């Protein structure tokens, strides 16, 4: 397994085993670097890029575009906007109607918890989908399948 190609190239295809090995390595690096203040930000940027690369190649192996990994990000943004709107609207409405803002903020906090849970479920579901789904058994526009002998020898895809 060529780790340089696995983590730093979004071209080609990888199978389920390579995906989970790459994901586990990124998870471990993220856990070990999260406690070091300045290194944490640099590592996060690198891990973000490497994660995009392995997810893209796994989606390519399934015959799908790597842009599908934007779905969980959009879900987080949508839920974040909903939470922001409900918290702000609840506080403004409470003051405008002469009531304390507490009920509006409580609704916002409840929505925040629900939205965080929903966004987390979408991310986990997406991760499991790309990590468990069968590969495209034929060559596709993203290259030959990972079991092809040329691919294993390092020929360009």
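Values quoted throughout were computed directly from the atomic coordinates according to the rules given, and no laboratory measurement underlies them. What you see is a predicted model, and the numbers here were worked out from it, not measured in a lab. As a convention, Cβ positions derive from the backbone with ideal geometry for all residues, glycine included, and neighbour counts pool all protein chains shown.
Is it the case that residue 39 is in a helix (DSSP H, G or I), without any contact (Cβ under 8 Å) to a residue 24 or more places away in the chain and loosely packed, with under 13 Cβ neighbours inside 10 Å?
Yes, satisfied.
Could you please find all residues in the stretch 56-81 being in a helix (DSSP H, G or I), under 24 Å from residue 141 (Cα atoms) and in contact with a helix residue (DSSP H, G or I) (Cβ under 9 Å, 6 or more places away or on another chain)?
Those that are in a helix (DSSP H, G or I), under 24 Å from residue 141 (Cα atoms) and in contact with a helix residue (DSSP H, G or I) (Cβ under 9 Å, 6 or more places away or on another chain): 56, 57, 58, 59, 60, 61, 66, 67, 68, 69, 71.
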